[in-house]
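The values are calculated or read from the model by the stated rules, or taken from the named source; none is laboratory data. Quick caveat, the model's predicted, so the values are computed rather than measured. Cβ: placed from backbone, ideal geometry, glycine included. Neighbour counts: every protein chain shown.
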Amino acid sequence: MIDIKGIIASGEHFRMEAKKAEGGLPDSLWESYSAFANSDGGVILLGVSEINKKLVVTGVTDATQKIQNIWNQLNNRHKVSVNILAERHVYAQKIEGKELIVVEVPRADRHDKPVYINNDLLGGAYRRNAEGDYHCTLAEVKAMLRDQSDMPADSTVIDELNPSDLDAESIARYRNHFKSLKPVHIWNGLDDAAFLQKTGALRRAESGDFKPTLAGLIMFGTEDVITQILPDYFLDYREIYDAGRWSDRVVSNLGEWSGNIFDFFFKVVNKLTSEVKIPFRLRNNVERASDTPVHIALREALANTVIHADYYGRRGVVIEKKRGNIMFANPGVFRPSMKEALEGGISDPRNPTIFKMFALIDIGERAGSGLFNIHSVWHDAGWADPILSENYDPDRTILTVEAEFEEGEDDEEVTDVPENVPDVPENIPDVPENVPENLPNVPENIPDVPENVPENRLDSMLELIKKDADISMLDLSKHLEVNHKTIKRDIGKLKAKGLLERVGPDKGGYWKINK
């Protein structure tokens, strides 16, 4: 049972609606029911009034009868399109000697959306924003109807197009990727038409001819052809390091490249990960490992953005890289709940054919754990948790990740050097002008080392952990005289180097030092 007193004290918000319900059931109850079901769920309290801008329990009379009336209406298809509540979701509770009714509305399954009232699909569907319940727009209703279907939109055959409308160069690049990963695969011997049928990019139309699917068009088409079918289609990657100015940008509508999502992914992925610090660690004790979990997680985030987008939606796909963070935004909201998406294990892609085509070249997470993996990597690195949000009207999913790894942002010691570097003496004399030519090259863009940061802090941290494997981050912070954020970052560095790992949970576990 939820904390009703705490909810009332917090006031009305995105996931809570209070109603006086002095007489019978208010009509607005059903608007809020629809709004919460079509958004991310929420709680409706009957018998709570707003007095002097504060919520006060005023109570209801005959709560038992009112609850029965709620069930009668929920099961009346002329009143609500579907009942998504179980018995545990509607109950009476006594607060301050007064009885109120609690209605907990979960997020509706995509198969039940849009949830609407008064037998009116277009006029009776609501959603929730910071200001309360609002009527869904026609575009929002259409988006929910698309997601409701088990026949994915990206498998739709585009009758007015032909295979020749796809970009031959993009197809050749894709096939080269596929062949390099699977050199003995039987599909390598197929011609382009047969190969594209196997991937789902072409399907047989009612006419008997093979035509591009929506997935094939988005994956291998050119921007001018794609926008004939999807007028709001748009891809945008931008780097903003100085206020109001782009230092780099890749957009789909300039005609300088194909404009499809396959080429967009490979144009953007190296830009996205170019400034990730590569920790000094060896693969197989021989060669340096250049691909870190952060690299992999960022690729996963980029793949998720283009794979799960609703390409009928507005504003397109936008990736924005700044000095402090990276934002991944795509049209469309989550099909499962955000909680389920973050916990992992549920795979319900909006575009399963596009998902398949990326998976065939080893891009994209097939087990529904992509977001969970990204959170785990950021947690292990000691960085702030990624922020995941949904916006409505227009529908958008937004993932924002902290980017402390960017060049010039790491205000700690350089991590890409061996640990046993001798201390640098103070008062180093100026280097004379005529420096001998054969000095070793000095790496560019080494971050400045801030003042009063001990160069052997990581060694000191390991020594403290050796003495006490149960030591807390707070105690490490006190011993080393740095803040908690710095301790989390240093632990992330030690983990990335393979020197330290956490055994068990944060509470009750212990640190293990690897030799």
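Residue pairs whose Cβ atoms lie under 6 Å apart, sitting 6 or more positions apart in sequence or on different chains, and linking a residue in the range 1-23 that is at positive phi to a partner that is small (Gly, Ala, Ser), are ALA21/GLY47. Pairs are defined by a Cβ separation below 7 Å, a sequence spacing of at least 6 or placement on different chains, a first member in the range 230-251 that is free of Cβ contacts under 8 Å to residues at least 40 places away in the same chain, and a second member that is surrounded by fewer than 15 Cβ atoms within 10 Å (Cβ to Cβ) and part of a loop (DSSP other than H, G, I, E, B); the pairs so defined are SER247/TYR241. Only residues that are touching a Leu at 6+ places or on another chain (Cβ under 9 Å), crowded, with 20+ Cβ neighbours inside 10 Å and farther than 22 Å from SER337 by Cα: list them for the range 113-127, please. Matches in the range 113-127: none. Taken as a whole, the condition of being modelled with pLDDT under 95 and under 20 Å from ARG396 (Cβ atoms) does not apply to LYS98. Scanning the range 29-72 for residues that are assigned to a loop (DSSP other than H, G, I, E, B), under 39 Å from the mean Cα position of the chain (by Cα) and farther than 30 Å from THR137 by Cβ turns up GLY47, LYS53.
For the range 131-154: of the residues being among the acidic types (Asp, Glu) and either under 22 Å from ARG335 (Cβ atoms) or at pLDDT 95 or above (or both), which is surrounded by the fewest Cβ atoms within 10 Å (Cβ to Cβ)? Result: ASP150.
Can you confirm whether the range 51-58 contains a residue that is in contact (Cβ under 8 Å) with a residue 24 or more places away in the chain and within 27 Å of SER81 (Cβ to Cβ)? Within the range 51-58, none of the residues are in contact (Cβ under 8 Å) with a residue 24 or more places away in the chain and within 27 Å of SER81 (Cβ to Cβ).
Scanning the range 77-115 for residues that are touching a residue at least 12 places away in the same chain (Cβ under 8 Å), charged (D, E, K, R) and assigned to a strand (DSSP E or B) returns LYS98, GLU99, GLU104. Do any residues in the range 167-195 that are more than 29 Å from GLY255 (Cβ to Cβ) have Cβ atoms under 8 Å from those of residues that are of a type in the set (Asp, Glu), where the two are at least six apart or on different chains, and which pairs are they? Within 8 Å, the pairs are LEU181/ASP362. Take the residues in the range 9-35 that are of a type in the set (Lys, Arg) and under 21 Å from ALA130 (Cβ atoms); name whichever of them is surrounded by the fewest Cβ atoms within 10 Å (Cβ to Cβ). Result: ARG15. Restricting the first member to the range 488-515 and to residues that are at positive phi, and the second to residues that are modelled with pLDDT under 80 and hydroxyl-bearing (Ser, Thr, Tyr), the beta-carbon pairs closer than 7 Å and six or more apart or on different chains are GLY504/TYR510. For the range 119-154, the set of residues classified as more than 20 Å from ILE354 (Cβ to Cβ) and part of a loop (DSSP other than H, G, I, E, B) consists of ASN119, ASP120, LEU121, LEU122, GLY123, GLY124, ALA130, GLU131, CYS136, THR137, listed by residue number.
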